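*Asks:* First, the structure itself, so that you have it in front of you.
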Amino acid sequence: DTEVTQTPKHLVMGMTNKKSLKCEQHMGHRAMYWYKQKAKKPPELMFVYSYEKLSINESVPSRFSPECPNSSLLNLHLHALQPEDSALYLCASSQVGRRGYSPLHFGNGTRLTVT
Amino acid sequence: SQQGEEDPQALSIQEGENATMNCSYKTSINNLQWYRQNSGRGLVHLILIRSNEREKHSGRLRVTLDTSKKSSSLLITASRAADTASYFCATVNTGANSKLTFGKGITLSVRP
């Protein structure tokens, strides 16, 4: 089991639905990340939050909207998704310090299917 | 965009044998990390090697880094069936906007 908890584990949604993915960590990490992973592909970075502020947005379409309400929580709000957005969405956290030297701790992901 | 390129892309060995996986990258890096991913699960950090280090050990894992060749290798000794997973190298680039970028990954199968 990981120290980063993601809910739900599975999500099926229609293209007109609005849903949210949730991520929680209690390791005191102040950097949190969203990655998208398609089958048999590496994770691709979507967003990075540092001290609850969005620091990196990898040109992600606006139908994905991240939110970091506090240092332990990270949400990803989904609206008007396309079938090609079906993937495993991974949340991760790390310490903030010397940038890049802190390993990432991943959750087990949310398997999203868009119908 | 992907940075690391692992080879081979798939590796099948017998339990007890050693597994060697290689990673090449293109740009200057701060450090290189290796992660493992079991099927349908999140990634687990294995080991980090800094750009000024050449070799690092952790249990049955040995990582080398050759910055002149922009390559790294991960050696798993005395493999076990439980080592069956996908392995990714990931690099942190130098510069102001450094971030962790994953390679394509290697699928390791360890036969009991």
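The values are calculated or read from the model by the stated rules, or taken from the named source; none is laboratory data. The structure presented is a predicted model; accordingly, all values stated were derived computationally and were not measured. Every residue, glycine as well, gets a Cβ built from its backbone with ideal geometry; the counts of neighbours run over all protein chains shown.
*Asks:* Residues being in contact (Cβ under 8 Å) with a residue 60 or more places away in the chain, in contact with a Ser or Thr (Cβ under 8 Å, 6 or more places away or on another chain) and surrounded by 17 or more Cβ atoms within 10 Å (Cβ to Cβ): count how many of those fall in the stretch A:65-89. Reasoning before the result, please.
*Replies:* Start the filter on the stretch A:65-89 by keeping residues that are in contact (Cβ under 8 Å) with a residue 60 or more places away in the chain, which leaves A:78-83, A:89.
Okay, now just the ones that are also in contact with a Ser or Thr (Cβ under 8 Å, 6 or more places away or on another chain), so A:78-80, A:83, A:89.
Next, only the ones that are surrounded by 17 or more Cβ atoms within 10 Å (Cβ to Cβ) stay: A:78, A:89.
Of the residues in that region, 2 qualify.
*Asks:* Quick check: is even one residue across the stretch B:84-96 away from every other protein chain (no Cβ under 12 Å), at pLDDT 95 or above, touching a strand residue (DSSP E or B) at 6+ places or on another chain (Cβ under 9 Å) and farther than 17 Å from residue A:104 by Cβ?
*Replies:* yes
*Asks:* On to the next question. List the number of the failed condition for residue B:41; all other conditions in (1) under 19 Å from residue A:109 (Cα atoms); (2) at pLDDT 95 or above; (3) part of a loop (DSSP other than H, G, I, E, B) hold.
*Replies:* Going through the list (1) under 19 Å from residue A:109 (Cα atoms); (2) at pLDDT 95 or above; (3) part of a loop (DSSP other than H, G, I, E, B), residue B:41 breaks only (2).
*Asks:* Across the stretch A:71-93, what is the total count of residues that are closer than 19 Å to residue A:26 by Cα, over 11 Å from the mean Cα position of the chain (by Cα) and modelled with pLDDT of 95 or more?
*Replies:* From the stretch A:71-93, those closer than 19 Å to residue A:26 by Cα are A:71-76, A:90-93; that's our starting set.
If we keep only those that are over 11 Å from the mean Cα position of the chain (by Cα) as well, we get A:71-72.
Adding the requirement that they be modelled with pLDDT of 95 or more leaves A:72.
Matching residues across the stretch A:71-93 total 1.
The rows are residues; the columns are (1) free of Cβ contacts under 8 Å to residues at least 60 places away in the same chain; (2) farther than 29 Å from residue B:108 by Cα.
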{"site": "A:9", "(1), (2)": "no, no"}
{"site": "A:13", "(1), (2)": "no, yes"}
{"site": "A:26", "(1), (2)": "yes, yes"}
{"site": "A:42", "(1), (2)": "yes, no"}
{"site": "A:57", "(1), (2)": "yes, yes"}
{"site": "A:63", "(1), (2)": "yes, yes"}
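*Asks:* If I ask for residues that are hydrophobic (A, V, I, L, M, F, W, C) and part of a loop (DSSP other than H, G, I, E, B), which ones from the stretch A:1-19 would you list?
*Replies:* A:15
*Asks:* Taking the condition of being within 14 Å of chain A (Cβ to nearest Cβ) and either basic (Lys, Arg) or under 21 Å from residue B:16 (Cα atoms) (or both), how many residues in the stretch B:48-60 meet it? Please lay out each step first, then the result.
*Replies:* To start, the set of residues in the stretch B:48-60 that are within 14 Å of chain A (Cβ to nearest Cβ) comprises B:48-53, B:56, B:58.
Among the residues that remain, those that are also either basic (Lys, Arg) or under 21 Å from residue B:16 (Cα atoms) (or both) are: B:50, B:56, B:58.
Within the stretch B:48-60, residues that are within 14 Å of chain A (Cβ to nearest Cβ) and either basic (Lys, Arg) or under 21 Å from residue B:16 (Cα atoms) (or both) number 3.
*Asks:* Next question. State whether one or more residues within the stretch B:76-83 are β-branched (Val, Ile, Thr) and closer than 18 Å to residue B:9 by Cβ.
*Replies:* Let us first name the residues in the stretch B:76-83 that are β-branched (Val, Ile, Thr), namely B:76-77.
When the remaining residues are screened for being closer than 18 Å to residue B:9 by Cβ, the result is B:76.
Within the stretch B:76-83, one or more residues are β-branched (Val, Ile, Thr) and closer than 18 Å to residue B:9 by Cβ.
*Asks:* Test of understanding: among B:79, B:68, B:72, which residue is assigned to a loop (DSSP other than H, G, I, E, B), out of contact with any Pro (no Cβ under 7 Å at 6 or more places or on another chain), more than 12 Å from chain A (Cβ to nearest Cβ) and crowded, with 19+ Cβ neighbours inside 10 Å?
*Replies:* B:79
*Asks:* With respect to the numbered conditions (1) farther than 19 Å from residue A:36 by Cα; (2) over 14 Å from the mean Cα position of the chain (by Cα), which one is the sole condition not fulfilled by residue B:20?
*Replies:* (2)
*Asks:* Something else about it: Could you look through the stretch B:82-103, keep only residues that are in contact with a Gly (Cβ under 6 Å, 6 or more places away or on another chain) and polar (S, T, N, Q), and pick out the one that is surrounded by the fewest Cβ atoms within 10 Å (Cβ to Cβ)?
*Replies:* We begin by selecting, within the stretch B:82-103, every residue in contact with a Gly (Cβ under 6 Å, 6 or more places away or on another chain); these are B:86, B:88-89, B:91-92, B:98, B:103.
Subsequent filtering for residues that are polar (S, T, N, Q) retains B:86, B:91, B:98.
Details: B:86: 20, B:91: 28, B:98: 17.
The selected residue is B:98.
*Asks:* Across the stretch B:26-41, which residue is farthest from the other protein chains (Cβ to nearest Cβ) among those that are over 13 Å from the mean Cα position of the chain (by Cα) and more than 15 Å from residue B:84 (Cβ to Cβ)? Even if it seems obvious, please write down each step before you answer.
*Replies:* From the stretch B:26-41, those over 13 Å from the mean Cα position of the chain (by Cα) are B:26-30, B:38-41; that's our starting set.
Narrowing further to those that are more than 15 Å from residue B:84 (Cβ to Cβ): B:26-30.
Numbers: B:26: 15, B:27: 13, B:28: 12, B:29: 9, B:30: 5 Å.
Selected residue: B:26.
*Asks:* Can you go through B:63, B:44 and tell me which one is more than 11 Å from chain A (Cβ to nearest Cβ) and not acidic (Asp, Glu)?
*Replies:* Result of the check over B:63, B:44: B:63.
*Asks:* Same structure, new question: Yes or no: the stretch A:20-34 includes at least one residue that is part of a loop (DSSP other than H, G, I, E, B), under 27 Å from residue B:47 (Cα atoms) and at the interface with chain B (Cβ under 9 Å from one of its Cβ atoms).
*Replies:* No, every residue in the stretch A:20-34 fails to be part of a loop (DSSP other than H, G, I, E, B), under 27 Å from residue B:47 (Cα atoms) and at the interface with chain B (Cβ under 9 Å from one of its Cβ atoms).
*Asks:* Among residues belonging to the stretch B:12-29 that are assigned to a strand (DSSP E or B) and small (Gly, Ala, Ser), point out the one that is nearest to residue B:94 (Cα to Cα).
*Replies:* That would be B:24.
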